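Below is one structure; the comments refer to it alone.
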Amino acid sequence: MKKLLVKNFGLFAIASLTLGLAPFTPPHIWGKLQWIAGGGAFHGEQPMQLMDWMDLLMHGAPWLLLIISGTLIVADKLKKNRQGNQPG
């Protein structure tokens, strides 16, 4: 699974820039994050409905995968760098 996440970093980047930002003015992901940060997602006049949560999942998944993939790549590089610098 880890290799698959690292291998598909480019795909996740493209998906984040297309699906993750669609529609582009303004991106749904940004609106949903503001809705959650503003506290209106769970209660208030118009709490988020199931469709809104699914929309957040659809537009947020590419970003989440990109962050996980990037973190794994950086961690692997740091690990290799540490191994290469050990006296031996």
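Yes or no, residue by residue, for (1) loosely packed, with under 10 Cβ neighbours inside 10 Å; (2) charged (D, E, K, R); (3) under 19 Å from VAL6 (Cα atoms); (4) in contact with a helix residue (DSSP H, G or I) (Cβ under 8 Å, 6 or more places away or on another chain):
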residue: GLU45; (1), (2), (3), (4): yes, yes, no, no
residue: LEU50; (1), (2), (3), (4): yes, no, no, no
residue: LEU56; (1), (2), (3), (4): no, no, no, yes
residue: ILE68; (1), (2), (3), (4): no, no, yes, yes
residue: THR71; (1), (2), (3), (4): no, no, yes, no
residue: ASP76; (1), (2), (3), (4): no, yes, yes, yes
residue: LYS79; (1), (2), (3), (4): no, yes, yes, no
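Here the helices (runs of 4 or more DSSP H) wholly within the range 3-88 that include at least 3 residues being at pLDDT below 90 and out of contact with any Asp or Glu (no Cβ under 9 Å at 6 or more places or on another chain) are 28-37, 50-84. Somewhere in the range 7-28, is a residue farther than 30 Å from LYS77 by Cα, in contact with a Gly (Cβ under 8 Å, 6 or more places away or on another chain) and not aromatic (Phe, Trp, Tyr)? Within the range 7-28 (the criterion being farther than 30 Å from LYS77 by Cα, in contact with a Gly (Cβ under 8 Å, 6 or more places away or on another chain) and not aromatic (Phe, Trp, Tyr)), the answer is yes, since at least one residue qualifies.
The values are calculated or read from the model by the stated rules, or taken from the named source; none is laboratory data. All figures in this text were calculated on a predicted structure; none of them were measured in a lab. Positions of Cβ are generated from backbone atoms using ideal geometry, with glycine treated the same way; all protein chains shown enter the neighbour counts.
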